[in-house]
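To start, the structure itself, in structure tokens.
The values are calculated or read from the model by the stated rules, or taken from the named source; none is laboratory data. As the structure is a computational prediction, the values presented were derived from the model and not from experiment. Methodologically, a virtual Cβ is constructed for each residue, glycine included, from the backbone with ideal geometry; neighbour enumeration extends over all protein chains shown.
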Amino acid sequence: MSASATLPLRATFDRPLCDRVLYYMVMMRELEDRIESKLYRQGKVLGGCYTGRGQEAIPVGSAILSRAGDWLTPSHRDMGALLIRGITPREILAQYMGRATGLTKGRDGNMHMGCARRHCVPIISSIGASIPVATGLAFAMRYRDESNVVFNYSGDGASSRGDWHEGINIAAVMRLPIVFLCNNNLYAYSTPLDKQMRITDIALRVKAYGIPAEIVDGNDVFAVYQATQRAVEHARSGEGPYFIECKTFRMSGHSAHDAADYVPRGLREEWSKKDPILMLQKYMVEHAGADERDFVELRQRVLDEIAEAVEWALNQPFPDPATVEDGVYEVR
Amino acid sequence: MSASATLPLRATFDRPLCDRVLYYMVMMRELEDRIESKLYRQGKVLGGCYTGRGQEAIPVGSAILSRAGDWLTPSHRDMGALLIRGITPREILAQYMGRATGLTKGRDGNMHMGCARRHCVPIISSIGASIPVATGLAFAMRYRDESNVVFNYSGDGASSRGDWHEGINIAAVMRLPIVFLCNNNLYAYSTPLDKQMRITDIALRVKAYGIPAEIVDGNDVFAVYQATQRAVEHARSGEGPYFIECKTFRMSGHSAHDAADYVPRGLREEWSKKDPILMLQKYMVEHAGADERDFVELRQRVLDEIAEAVEWALNQPFPDPATVEDGVYEVR
Amino acid sequence: MPQTTYVEAIRQGIWEEMERDSTVFLMGEDVAVYGGAFKVTKGLLDRFGEMRVVDTPLAESGIVGAGTGAAINGLRPILEMQFADFMACGFDQITNFAAKCRYRWGQSIPMVIRAPAGGNIHGGPFHSQNVEMPYVHTPGLKVVQPATAYDAKGLIKAAIRDNDPVIFLEHKYLYRSVKEQLPTDPFTVPIGKANVHREGSDISIVTYGWMVHVAEEAAERAAAEGISVEVLDLRTLVPLDRQAILATAKKTSKIILLHEDTLTGGLGGELAGIIGEHAFEYLDGPLVRIASPDTPVPFSETLEKAFLPSTDQVLEKTRWLYRY
Amino acid sequence: MPQTTYVEAIRQGIWEEMERDSTVFLMGEDVAVYGGAFKVTKGLLDRFGEMRVVDTPLAESGIVGAGTGAAINGLRPILEMQFADFMACGFDQITNFAAKCRYRWGQSIPMVIRAPAGGNIHGGPFHSQNVEMPYVHTPGLKVVQPATAYDAKGLIKAAIRDNDPVIFLEHKYLYRSVKEQLPTDPFTVPIGKANVHREGSDISIVTYGWMVHVAEEAAERAAAEGISVEVLDLRTLVPLDRQAILATAKKTSKIILLHEDTLTGGLGGELAGIIGEHAFEYLDGPLVRIASPDTPVPFSETLEKAFLPSTDQVLEKTRWLYRY
Ligand SMILES: Cc1ncc(C[n+]2csc(CCOP(=O)(O)OP(=O)(O)O)c2C)c(N)n1
Ligand SMILES: Cc1ncc(C[n+]2csc(CCOP(=O)(O)OP(=O)(O)O)c2C)c(N)n1
Ligand SMILES: [Mg+2]
Ligand SMILES: [Mg+2]
């Protein structure tokens, strides 16, 4: 399986767009890697530690199309979406390290982060629960007659949850502007797709709701991008929700402590050939005038940014224990 | 719309079968009618009061195919299924009247009844909740390698609930022997189908689970019967669950206190022409050598049975208040 | 002046707040065209239109999630649960998401979840439950239950204006059994303030909801026997009005903690905890709890009557404690 | 003899019961091939096969409903919730259906719902909660939380043999932090019996779960100061061992009610209610409650430490109450 086979020439993807997209994908990859394979192992990051390695094309190829007024409800492998919304590596690192200046001020940890100002709902840990919430965010847009949309992110496992069903159905009935991005990475924790459902395409589930659904190669950032364009247009023009299933693979354990022995030998190797960053770089070399040096340079720039941010975050204060009871209710 | 048009000659439905089926349908109709339009209005029955008027073909045409080892999880418009399982009008009336000899000994009321011995799970009031429960009943059958099946009953509204989705998905993944009978009666309380979903066939929802689904005329008892035969065969032979959508109409308010003003004029009248009892009788006259006198006689027999049962139930004791705390936990 | 029922008071409160603030909207099963299973929202659709009075699919978790999302995005949802019992279906959304938003990320959730609760209507195990405790025990939620038409109107208005998620429990037996003349001028009743429903000096009954009326009846009968009973109507269960609770405890020194909800893990224990810790020195007798026994709510008349706390039972305990 | 950890004790208990009774089976997310998120069920698949150790889709309500159905139809399910926090997703099935079967129709539900609960592992708001109270407050359920490896093994075995639904809360911080030598002969620990974890005469600390160890530490330090502390480990929250609770209350007359769960609506209130009503005359001081504050469980080390009840805090209150 060669990467370029699945990534044909697309004239519209000019160099500036390629550069932006690549930046976020590389930043997500390297930042997560730094967190998982250094900070977590050094004990600087506590609790769980999830990465979206190999899935970067999905949050990046979609969120790059979001506007300021849109809302996003990312899931636990979508750091790229947060970066695109302007959330900085500093903030993310401080969050992971439980510092007072992290996005949740140390009240929550790791990927359970977001930001109201930048319209990202922090992950709701109960898998699937973000889907009804997305429905409400979108309802408010229709209520005010805006043309904004909601980008909702979830995984294959989430589609087994009742909330997934209730939420998409309500969105469909009320024709709410939501783009559902489903990353089908073939596993939910240790559970493979065939123990999760008796079908292989989650898009088929969406027949239940009378809304459009399409399937794309989730490792091809421009396939995700183009499907999202169609979906966003559909949603912004009042046609209601749109579902995109992105076929991909989780190139890590479920979280840092999981060696993923349950994944059959060879599967990860096979998918590594479809690495979304390598695929994009190949495209850029072939069609957008980039060369290897550009990539090395970019990676260095990203690593420098991360190094600076780690340094900063390590020096941030922990939350003052005296504040533990603050912020449960509004203080008037 | 003529009744016979939808009920073609079916040689296999001989007179004895017709008689049995008709008996249960008429008993359900008359017993519910007695409860709703007499006992409820006289204050002999308290609390809510639901009927399955016009839907009798669904529980009767399906449950008649159940075997002793099967389990049923009827919903609130499926009294016919309970009758077929051997639950008597006496027991049902005592249940409605909250008597000590009712099926739940006065602990629960109205349609919230069932019986372990006769393998009927009492209605679970939370709409949709019976579907995961059916899954477990069926799991135990497979665990013991039995050829029994579960008959699960629910309505169109139930298909909006997360439990519906979770339960059918689990049943499908584990290939459990369940026949799902869905009565699509176009309303969930006051909510019409188009506010409940953006599709019209609930069977379409079942694409999500990779199991067979078919649509039948729910007012045609033999259509229900034949589909159930196919479904039961499928399930008993280890092929997993099977879904049947029965198109029908709720010929009453949601419950006795509901005048159902929200139903568009004429709709009920139109459906009354498709009354399942009349349709069956017409068939019996045309193809099974029955005549009007047989029906009058049957009705009288049923009414007599009911009169006797009402008399009996009215004389049953109320539960002893001293027992109120009994039976929450096992006493050893 | 005509009297206003409890159900009508809630309807008026919602109506006025929807007039006042165009971000307030109502959502739930059968709330629009039908006006709600108990007709609390009757007429609202005609006045405010389909965008603000919304019939939903049958999906409690979906409804709560959608409400929370709408609240995040600038609206003030009022959600109706058809029966409080079915809030259980949205339990995760309420307790794990809505309740924790402010603490986790400073996001306020100005949302009201209204639900008809309580028994004495022959509703049986699934249509009679008092569901307050899991919500009382969830930091981030407020919990309210009015006992009178005045409080019902004043509290629903305050709940709608509140910037935290409020669980608003309406007692379905009270919907049409209590009424009173209401002021014509607008008013609210502050969340977090208990009300001395009846003044007394010998014994305090601390209670809420329908039981306020049961306590009042018992107090009336006790008065005839020369026992002076104070009835404290909590009105708000979170935040509890500790000051009012401790004040009545210190005043009478003999306390009955009364609720319709079942005993074990009910609010009576929490009240005993507060009083037993902070008014210990003032107590002249045991902390008496009266509650429904630890069973599901039975359907049949004889059983439901035996299950629910009664005036007789309260009176008897009152006499006992008085003599203690 | 090697020592057995709390997690291994539970695993052994399940294993033995599955050997003993072929109707016992295990079901949950990632319990089979993976052996469970905390590896409690490691190795069971190999021994008992796919029909008895079942990986399910990600669907808590579905799992609980399926377990209940299987129990109705003659099996004895053990369900694993990956984290106690997500039991909220199956709340309706647990509290409205499973809990009420026996009362409604005499149907026993011999089912165990196991769930890793509790904090001190930097799990944050969604992976650290103590969820016992809604279940303690639901008639029809039993609720258990062992504090030691011995009790973990004995209680899981008793829970599996019990004919009522049992919520079995495993403290995830204890999984690998406590261990002891276990008897080689089979044993069970009866549900409904508390255990005097440490005898004492001046002050009683009534507690359960991880806090038993915190209380023990505080008692040890208090002993050095000449204060004799009794530690009562409840072990079972429903049915509560009222006799043991009242016995220790009457013995020492000074009571601390300690739990890791948040204060308002926590078990401490229920205990205060029982003691305040039935041992009132014996009390020589206020009913002191120590619990986590009413907030979600914070993630960051400094905050989580401030949030959880500590040995220092317990010791300080012990001294205070001793001097009272
Ligand atoms: C309701 C609920 N149950 C269980 C969990 C524990 N859990 C966290 S992530 C996960 C797997 C999710 O799978 P999927 O949706 O496919 O996302 P992926 O991790 O593969 O990206 C599980 C079981 C949870 N967070 N929420
Ligand atoms: C979870 C839940 N929410 C709400 C209700 C109240 N309720 C009882 S029946 C019903 C409508 C059910 O509609 P459908 O499933 O179509 O069955 P039908 O009554 O039409 O036979 C509603 C909303 C309930 N019982 N359970
Ligand atoms: Mg996945
Ligand atoms: Mg219907």
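Observations
Table: residues versus (1) without any contact (Cβ under 8 Å) to a residue 12 or more places away in the chain; (2) buried (at least 24 other Cβ atoms within 10 Å of the Cβ); (3) out of contact with any Leu (no Cβ under 8 Å at 6 or more places or on another chain).
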| site | (1), (2), (3) |
| --- | --- |
| B:69 | no, no, yes |
| B:75 | no, yes, yes |
| B:81 | no, yes, no |
| B:84 | no, yes, yes |
| B:95 | no, yes, no |
| B:100 | no, no, yes |
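- Single condition residue A:195 does not satisfy, out of (1) at the interface with chain B (Cβ under 8 Å from one of its Cβ atoms); (2) surrounded by fewer than 23 Cβ atoms within 10 Å (Cβ to Cβ); (3) away from ligand 3 (no atom under 16 Å from the Cβ): (3)
- Taken over region B:60-98, the residue count meeting the criterion of being in a helix (DSSP H, G or I) and on the phi > 0 side of the Ramachandran plot is 0.
- Those strands (runs of 3 or more DSSP E) of region C:127-243 in which 1 or more residues are over 11 Å from the mean Cα position of the chain (by Cα) occupy C:195-198, C:203-207, C:229-233.
- Which numbered condition residue B:131 fails, given (1) at the interface with another protein chain (Cβ under 9 Å from one of its Cβ atoms); (2) in a loop (DSSP other than H, G, I, E, B): (2)
- Residue tally, condition part of a helix (DSSP H, G or I), facing chain D (nearest Cβ under 7 Å), touching a residue at least 24 places away in the same chain (Cβ under 8 Å) and of a type in the set (Gly, Ala, Ser), over region C:244-292: 0
- When region C:293-320 is filtered for residues that are buried (at least 22 other Cβ atoms within 10 Å of the Cβ) and more than 13 Å from chain B (Cβ to nearest Cβ), the ones remaining, listed by number, are C:314, C:318.
- Residue among A:165, A:234 that is touching a His at 6+ places or on another chain (Cβ under 9 Å) and in a helix (DSSP H, G or I): A:165
- Identity of the residue in region A:295-313, aliphatic (A, V, I, L, M) and farther than 18 Å from residue A:104 by Cβ, that ends up farthest from the other protein chains (Cβ to nearest Cβ): A:296
- Residue within region D:144-158 that is touching a Gly at 6+ places or on another chain (Cβ under 7 Å) and closer than 27 Å to residue D:319 by Cβ present: yes
- Qualifying position, being within 26 Å of residue C:249 (Cα to Cα) and in contact with a Ser or Thr (Cβ under 9 Å, 6 or more places away or on another chain), among C:206, C:178: C:206
- Hits in region A:198-244 (condition: within 14 Å of chain B (Cβ to nearest Cβ), surrounded by fewer than 23 Cβ atoms within 10 Å (Cβ to Cβ), of a type in the set (Gly, Ala, Ser) and more than 20 Å from the chain's Cα centre (by Cα)): A:210, A:240
- Among the residues here, residue C:49 does not qualify as assigned by TED's automatic domain parsing to the domain that holds residue C:116, buried (at least 24 other Cβ atoms within 10 Å of the Cβ) and modelled with pLDDT of 95 or more.
- Residue in region B:219-232 that is in contact (Cβ under 8 Å) with a residue 24 or more places away in the chain and either within 16 Å of ligand 1 (Cβ to nearest atom) or of a type in the set (Asp, Glu) (or both) present: yes
- Every residue from region B:84-108 that is small (Gly, Ala, Ser) and under 17 Å from the mean Cα position of the chain (by Cα): B:86
- Looking across region D:8-21, the residues that are of a type outside the set (A, V, I, L, M, F, W, C) and more than 14 Å from residue D:111 (Cα to Cα) come down to D:8, D:11, D:12, D:13, D:16, D:19, D:20.
- Scanning region B:115-160 for residues that are in contact with a Lys or Arg (Cβ under 9 Å, 6 or more places away or on another chain) and more than 16 Å from ligand 2 (Cβ to nearest atom) yields B:115, B:118, B:119, B:120, B:142, B:143, B:147, B:148, B:149.
- Conditions (1) part of a helix (DSSP H, G or I); (2) more than 10 Å from chain A (Cβ to nearest Cβ); number of the one not met by residue B:124: (1)
- Picking from residues in region C:68-106 that are among the small types (Gly, Ala, Ser) and either touching a helix residue (DSSP H, G or I) at 6+ places or on another chain (Cβ under 6 Å) or free of Cβ contacts under 8 Å to residues at least 24 places away in the same chain (or both), the one that is nearest to ligand 1 (Cβ to nearest atom) is C:90.
- Scanning region A:128-157 for residues that are within 16 Å of ligand 1 (Cβ to nearest atom) and more than 14 Å from the chain's Cα centre (by Cα) yields A:128, A:129, A:131, A:132, A:133, A:134, A:157.
- Within region A:171-185, the set of residues being in contact (Cβ under 8 Å) with a residue 60 or more places away in the chain and assigned to a helix (DSSP H, G or I) comprises A:171, A:172.
- Boolean, residue A:154 is part of a helix (DSSP H, G or I), in contact (Cβ under 8 Å) with a residue 12 or more places away in the chain, hydroxyl-bearing (Ser, Thr, Tyr) and buried (at least 20 other Cβ atoms within 10 Å of the Cβ): no
- Here C:37, C:59, C:71, C:66 are screened, and the one residue that is aliphatic (A, V, I, L, M) and more than 8 Å from chain A (Cβ to nearest Cβ) is C:37.
- Each residue in region D:82-108 was checked for being within 13 Å of chain C (Cβ to nearest Cβ), under 20 Å from the mean Cα position of the chain (by Cα) and not acidic (Asp, Glu), and 12 pass.
- Residues (out of contact with any Gly (no Cβ under 6 Å at 6 or more places or on another chain) and without any contact (Cβ under 8 Å) to a residue 40 or more places away in the chain) located in region D:293-304: D:293, D:294, D:295, D:302
- Where helices (runs of 4 or more DSSP H) fall entirely within region D:19-106, those with at least 3 residues that are away from ligand 4 (no atom under 16 Å from the Cβ) and under 29 Å from residue D:139 (Cβ atoms) are at D:60-72, D:101-105.
- Of all residues making up region A:182-192, the number that are more than 7 Å from every other protein chain (Cβ to nearest Cβ) and under 20 Å from the mean Cα position of the chain (by Cα): 6
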